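The values are calculated or read from the model by the stated rules, or taken from the named source; none is laboratory data. Just so you know, these numbers come straight off a predicted model, no measurement behind them. Cβ coordinates were reconstructed from backbone atoms using ideal geometry, including for glycine residues, and neighbour counts include every protein chain displayed. Each accessible area value is taken on the protein alone, full model and side chains, heavy atoms only, with ligands, DNA and RNA left out. Shrake-Rupley method; radii C 1.70, N 1.55, O 1.52, S 1.80 Å.
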Amino acid sequence: MSQQRPYVVGNWKMHGTRAMLAEARAIDRAGQRHPKVEVAIAPPFTLIHAARKEAEQIGIGAQDCHPVDGGAHTGDISAAMLADAGASFVIVGHSERRSNHGESNELVRAKAESARKAGLGVILCVGESEAERDAGRAEEVVCGQLEASAPQGAGMVEKLSVAYEPVWAIGTGRVPSNADIEAMHRAIRARLQAIYGAEGDDIRILYGGSVKAENAADILGVPEVGGALVGGASLTAESFYGIIRAASGENVD
Ligand code: 13P
């Protein structure tokens, strides 16, 4: 909430070869210039270890993990492996995982719980489709996802953030109105308090979906918005820097 630093996280998705480590270094320098903002990036798995070595200060995380620690799961990566590679957090339940890989709320919850047990921070993503919003069901859908995918048990709330990412706003240049963002973040807050009691008060709720330097200050100023999860505009330090500056309260021209 307001006493916490805004959390600005770049989700690089399936972008990035070693050539992009220069961007990670430049984002790290930007983060160092703005200590009032908590800056992080989630590059592809293949860059986590190298990015951790290149960046001194920003958080480095992953975009997904498998729910068990190890075993016969060809192609998968466990939370413990991510921690070993230098990750400090993981994104779970992104809508692209939910749709491209058929991930259920139950699976997302198991991933979140395994990540917390491995000591990783968790960014749990929720968000409605355009059809669900048009049908007036956005809050019901998002709160239902949250209820069913929120990690349960001791130590789960610490280092947990929630990202509200309306599916129709991702990569489209369309964003909800401030009033709609506020209403949804308030609904998420109420649901987090119902799930976790008073501990739900301090969980940061990030907004994601077409955040750019030009709209970041506006969105980050909405009550209950504790940061941003940024896709396309996090791929270069130049575009991401504008968002970091906006989060620090500097004007972006
Ligand atoms: P864009 O910022 O590219 O819309 O992506 C948002 C997102 O999906 C971040 O996880």
Next item on the list: Would you please name the residue that is nearest to ILE91 (Cα to Cα), looking only at residues in the range 212-236 that are within 12 Å of the ligand (Cβ to nearest atom) and among the aliphatic types (A, V, I, L, M)?
Entry: LEU229
Note to self: Testing VAL175 on (1) under 22 Å from ARG98 (Cβ atoms); (2) among the hydrophobic types (A, V, I, L, M, F, W, C); (3) assigned to a helix (DSSP H, G or I), one condition comes back false. Which one is that?
What the structure shows: (3)
Item checked: Some residue of the range 137-158 being of a type in the set (A, V, I, L, M, F, W, C), outside any helix (DSSP H, G or I) and within 12 Å of the ligand (Cβ to nearest atom) -> no
Next item on the list: Report, by residue number, each residue of the range 161-175 that is among the hydrophobic types (A, V, I, L, M, F, W, C), more than 8 Å from the ligand (Cβ to nearest atom) and open to solvent by 10 Å² or more (accessible area, probe 1.4 Å).
Entry: VAL167, TRP168, VAL175
Note to self: Looking at the range 178-201, can you tell me whether even one residue there is polar (S, T, N, Q) and either within 16 Å of the ligand (Cβ to nearest atom) or within 25 Å of GLY59 (Cα to Cα) (or both)?
What the structure shows: no
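Can you confirm whether GLY59 is of a type outside the set (Phe, Trp, Tyr) and surrounded by fewer than 23 Cβ atoms within 10 Å (Cβ to Cβ)?
On the way: of a type outside the set (Phe, Trp, Tyr): yes; surrounded by fewer than 23 Cβ atoms within 10 Å (Cβ to Cβ): yes.
So GLY59 fits the description; yes.
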Note to self: Please go through (1) assigned to a loop (DSSP other than H, G, I, E, B); (2) touching a residue at least 40 places away in the same chain (Cβ under 8 Å) for GLY61 and return the number of the only condition it doesn't satisfy.
What the structure shows: (1)
Margin query: Checking the structure you have, find out if any residue of the range 115-136 is under 24 Å from PHE45 (Cβ atoms), in contact (Cβ under 8 Å) with a residue 60 or more places away in the chain and more than 16 Å from the ligand (Cβ to nearest atom).
Written below: no
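Each row is one residue, and each column tells you yes or no for (1) out of contact with any His (no Cβ under 8 Å at 6 or more places or on another chain); (2) surrounded by 15 or more Cβ atoms within 10 Å (Cβ to Cβ).
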residue: GLY16; (1), (2): yes, yes
residue: HIS34; (1), (2): yes, yes
residue: ALA40; (1), (2): yes, yes
residue: PRO44; (1), (2): no, yes
residue: ILE48; (1), (2): yes, yes
residue: GLN63; (1), (2): no, yes
residue: THR74; (1), (2): yes, no
residue: GLY86; (1), (2): no, yes
Checklist line | Matching entry among GLY242, GLY209 (being within 16 Å of the ligand (Cβ to nearest atom), in contact (Cβ under 8 Å) with a residue 24 or more places away in the chain and closer than 20 Å to ILE91 by Cβ) | finding: GLY209
Next item on the list: Can you give me the number of residues within the range 187-213 that are farther than 18 Å from PRO166 by Cβ, crowded, with 19+ Cβ neighbours inside 10 Å and among the polar types (S, T, N, Q)?
Entry: 0
Notebook entry, point to check: Is there any pair linking a residue in the range 84-106 that is in a helix (DSSP H, G or I) to one that is among the small types (Gly, Ala, Ser), with Cβ under 6 Å and at least six apart or on different chains, and which?
Noted result: SER95/GLY127; ASN105/ALA148; ASN105/SER149
